[in-house]
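Structure first, then comments.
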Amino acid sequence: MEKILITGALGQLGTELVPALQKKYGAENIIVTDIHRPESNDFGGIFEVLDVLDKSALLSLHKKYKITQIYHLAAVLSAKAESTPALAWHINMDGLMNVLEAAHEQGIKKIYWPSSIGVFGPDTPKDNTPQNTFKNPNTIYGVTKVAGEKLCAYYNEKFGLDIRSLRYPGLIGYKAMPGGGTTDYAVEIYHEALKSGSYTCPLSENAMLPMMYMPDAVRATLELMEVDRERLTVNSSYNVAGVSFTPDMVAESIRKIIPGFTITYKPDFRDTIAASWPNSIDDSVARRDWNWKVAYHLDDITKDMISHLREIQRAEKVM
Ligand code: SER
């Protein structure tokens with residue numbers, strides 16, 4: 001029986017990945033961890049406080065639960081990392097090193113670790129960015145993701161750890177707010193459309209970025225983790241494409257449901273980060289190796305986001 005530990009589980013991705021893993025493996029086999037206890041344990045199941053910088057705490061949890069897999073999600077995202085580069089390096093790299101070392105020492109063979117489109121930089125081809133191309137990021141977040149990919153490949157080759165990874169595009173979901181990312185606007189815009197009917201965007205109107213709806217991201221993650229290792233030809237991290245759009249295109253898509261929605265642009269440093277990232281991603285290697293295929297396109301995302309956020313608003317009013 002698998003015992004799966006998830007770090008940083010209260011973040012945007014963990015909030016949606018945890019229920020999917022609990023459904024698949026049983027809540028009693030999923031050890032949900034984060035640096036703080038949640039206000040309410042909506043997950044049900046097991047929760048433990050874990051600071052990924054504390055390797056001995058990680059080893060204690062292994063002793064307690066006999067962990068067989070780790071999903072290591074704890075990290076500082078791109079925009080926040082720019083204001084605290086040393087801390088971002090510490091958390092993103094030392095946290096990953098602790099997980100890899102603990103896994104190696106304790107015989108935990110299977111690890112999931114998220115990489116990002118942040119590995120790419122200004123000299124990367126912008127359209128249909130290939131799986132293998134220049135990875136010279138000019139953000140500290142990107143630096144930690146490139147180094148993390150190399151570290152994972154090293155632990156795979158040297159010690160046989162089965163580490164799997166996706167280069168996520170910006171992730172969009174209604175269950176949790178992202179925190180500190182460049183692509184966060186694509187979540188905030190839906191909340192503001194419903195709250196105030198207008199949004200001030202920190203990216204410029206033509207900032208085209210690859211994005212993915214959370215159900216696709218969760219499915220991609222689980223599909224990658226389930227496929228036979230022999231089928232995987234990439235031991236760093238897979239490009240996965242969802243959909244590519246600009247803030248202007250999201251606004252247009254929202255207007256199909258909320259006709260009076262308005263957007264204004266006040267680009268800040270996040271726009272510079274966005275400009276260094278791809279417009280769109282070539283994920284042909286993921287499609288070939290494990291049959292990856294995106295399901296949600298922009299108007300599907302908009303429809304689903306708005307309908308779920310409206311439900312949440314209605315429920316909040318009743319309470
Ligand atoms: N969504 C992330 C960010 O904006 C990129 O992986 O930082």
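Kindly list, by first and then second residue, each pair from a residue in the stretch 129-145 that is within 11 Å of the ligand (Cβ to nearest atom) to a residue that is in a strand (DSSP E or B) and open to solvent by less than 50 Å² (accessible area, probe 1.4 Å), limited to pairs with Cβ atoms under 6 Å and residues at least 6 apart or on different chains.
Close Cβ pairs satisfying both conditions: K145/S115; K145/S116.
In the stretch 38-85, what residues are part of a loop (DSSP other than H, G, I, E, B), open to solvent by less than 40 Å² (accessible area, probe 1.4 Å) and within 16 Å of the ligand (Cβ to nearest atom)?
Residues satisfying the conditions are L73, A74, V76.
What pairs come up if the first residue lies in the stretch 169-180 and is more than 29 Å from Q131 (Cβ to Cβ) and touching a residue at least 24 places away in the same chain (Cβ under 8 Å), the second is within 9 Å of the ligand (Cβ to nearest atom) and assigned to a loop (DSSP other than H, G, I, E, B), and their beta carbons are under 8 Å apart, counting only those six or more places apart or on different chains?
Taking only residues 6 or more apart or on different chains, the pairs are M177/D184.
Looking only at residues that are among the acidic types (D, E) and part of a helix (DSSP H, G or I) in the stretch 16-37, which one is least open to solvent (accessible area, probe 1.4 Å)?
Filtering the stretch 16-37 for residues that are among the acidic types (D, E) and part of a helix (DSSP H, G or I), the one least open to solvent (accessible area, probe 1.4 Å) comes out as E16.
Of all residues in the stretch 188-226 being farther than 17 Å from D268 by Cα and without any contact (Cβ under 8 Å) to a residue 40 or more places away in the chain, which is nearest to the ligand (Cβ to nearest atom)?
Result: E192.
So that you can scan it fast, the table gives a plain yes or no per residue for (1) open to solvent by 30 Å² or more (accessible area, probe 1.4 Å); (2) in a helix (DSSP H, G or I); (3) under 24 Å from E223 (Cα atoms); (4) within 16 Å of the ligand (Cβ to nearest atom):
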site	(1), (2), (3), (4)
E252	yes, yes, no, no
P267	yes, no, no, yes
A274	no, yes, no, yes
N279	yes, no, no, yes
R288	yes, yes, yes, no
K293	yes, no, yes, no
Y296	yes, no, yes, no
K303	yes, yes, no, no
I306	no, yes, no, no
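State all residues of the stretch 241-250 that are surrounded by fewer than 21 Cβ atoms within 10 Å (Cβ to Cβ) and part of a loop (DSSP other than H, G, I, E, B); if no residue qualifies, say none.
T246, the sole residue that qualifies.
Has the stretch 4-13 got any residue that is out of contact with any helix residue (DSSP H, G or I) (no Cβ under 9 Å at 6 or more places or on another chain), in contact (Cβ under 8 Å) with a residue 40 or more places away in the chain and within 18 Å of N98 (Cβ to Cβ)?
Yes, the stretch 4-13 has at least one match.
Are any residues in the stretch 227-282 within 30 Å of G160 (Cβ to Cβ) and free of Cβ contacts under 8 Å to residues at least 24 places away in the same chain, and if so, which ones?
Result: D228, E230.
Test each condition in (1) in a helix (DSSP H, G or I); (2) open to solvent by 50 Å² or more (accessible area, probe 1.4 Å); (3) more than 26 Å from R219 (Cβ to Cβ) for P259 and report the one that comes out false.
(1)
Filter the stretch 91-122 for residues that are within 14 Å of the ligand (Cβ to nearest atom), of a type in the set (A, V, I, L, M, F, W, C) and under 15 Å from S165 (Cα atoms) and give the result.
Passing the criteria: W113, I117, V119.
Of the residues that sit in the stretch 146-182 and are acidic (D, E) and more than 16 Å from the ligand (Cβ to nearest atom), which one is nearest to the chain's Cα centre (by Cα)?
D162
Looking for something of a type outside the set (K, R), in contact with a helix residue (DSSP H, G or I) (Cβ under 8 Å, 6 or more places away or on another chain) and farther than 30 Å from A153 by Cβ - is there at least one such residue anywhere in the stretch 207-223?
For the stretch 207-223, residues of a type outside the set (K, R), in contact with a helix residue (DSSP H, G or I) (Cβ under 8 Å, 6 or more places away or on another chain) and farther than 30 Å from A153 by Cβ: present.
Return the residue satisfying two criteria in turn: it lies in the stretch 105-126 and is of a type in the set (D, E, K, R), over 19 Å from T272 (Cβ atoms) and outside any helix (DSSP H, G or I), and of such residues it is most open to solvent (accessible area, probe 1.4 Å).
K109
The values are calculated or read from the model by the stated rules, or taken from the named source; none is laboratory data. The shown structure was predicted, so the numbers you read here are calculated from the model rather than taken from an experiment. Quick reminder, even Gly has a Cβ in these numbers, built from the backbone with ideal geometry, and neighbours come from all protein chains shown. To get the accessible areas, we keep the full protein, side chains included, count just its heavy atoms, and leave off ligands, DNA and RNA. Shrake-Rupley method; radii C 1.70, N 1.55, O 1.52, S 1.80 Å.
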